[in-house]
Amino acid sequence: MELILAVDLAGGLVVHGKSGNRAGYRPLNWGLAPSAEPETYISTLQPRFLYIADLESIQGRTPQDDLVRRCAALVERCYLDRGCRSPAESTAVEGVTPIIGTETAAAAIEDLRAYQAGYLSIDIKGGRVLPWGIRPAEMLRRASGLSFEGCIILNIGAVGTEQGLVRENLEEMRACYPGRLLYGGGVAGVDDIHLLSDIGFDGAIIATAVHRGTVPLDWIRRGSQC
C-alpha cells in the first residue's frame, strides 16, 4: 500500500490543514518541518510519493503551477489537486497525476464523464459528498462506470484531526469500487495504516500523523509501511 505525504500549498507556503476550515490554515512550521518553504520542506522530509492540494487554485485564485512543478520534481510521483473545473484544467500541469475533486470538477455527477484521466477525489464533509450530498458508497458505485485511474476518499472534515478510522465505513466503501482506492483524512497512526491495508485500500494520504510521530517518517520515505 502506498503511503503518500500530503502537502497543502497556500500563499507559496506549506500550511497545516484542519477540518477543512481553510481560512484558519497556518504555515506548517512545527513537528518535523524545518520550514514552511515548500522545496525546503519536501527536501528535508524526502517523501517518495507526494499529494499536493493547491488551495489557491481550489478556491478560485491564481494557481501556483510553477511552485507545484518544482515540488513534483523532488519526488517519484506527485498527485495534484488544483481544483480543476474542466478536463483542460486537470491536465494543465505536466508530470503529475491529476486529481479531479468532486468539490469543484462538475455541476452534475454525469458531467464527470468528460474526464478521461487522473483520480477522482470524492470530497466528503459531514459524511456526505460535496457538492451533491450523496453518501460516499453511492458515489463510489457511480464512479465504477467512469474513466478514472482510481478514486480517493478525502474526508475533508477529518483532515488534521487524527480522529481515527471506522472499519465498517471503510469496508463498505472498499466493496463499492473495484479499482484503485486511496484514503485521506483523519489517519491517526500505524493502526489506521494497517487497517486500511487489511481492508484492501491501495494507499493512504497522511501528514499530521507523521509530524506527531504516530507514523514513522521512514514509512513516508519508503512509500510503504514496514
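Some observations on this one:
- The stretch 80-129 and the stretch 31-49: distance between their alpha carbon centers, rounded to Å: 26 Å
- Taking the accessible area of the chain, probe 1.4 Å, and keeping the other protein chains in place, the carbon and sulfur fraction comes to 46%.
- Contact order normalised by residue count of the chain, Cα under 8 Å, 6+ apart, percent: 22 percent
- The chymotrypsin sites (Phe, Trp or Tyr not before Pro) of the stretch 77-141 that DSSP puts in a loop, and whose beta carbon has at most 16 other beta carbons within 10 Å, are W132.
- Entry for P(r) over Cα pairs in 10 Å bins from 0, in percent (calculated from the structure that is shown) out of (i) 8, 37, 40, 15, 0; (ii) 7, 31, 36, 21, 4, 0; (iii) 8, 35, 37, 16, 4, 1, 0: (i)
- Computed about its Cα centre, the charge dipole of the stretch 127-196 is approximately 300 debye, with only Lys, Arg, Asp and Glu carrying charge at their Cβ.
- Take the stretch 28-172 with all the other protein chains still there, run a 1.4 Å probe, and you get 43 Å² of accessible area per residue.
The values are calculated or read from the model by the stated rules, or taken from the named source; none is laboratory data. This structure is a prediction, so every number in the text was calculated from the model and none was measured. Reconstructed Cβ throughout: ideal geometry from the backbone, glycine too, with neighbour counts over all protein chains shown. SASA here: full protein model, heavy atoms, side chains in, ligands and nucleic acids out. Shrake-Rupley method; radii C 1.70, N 1.55, O 1.52, S 1.80 Å.
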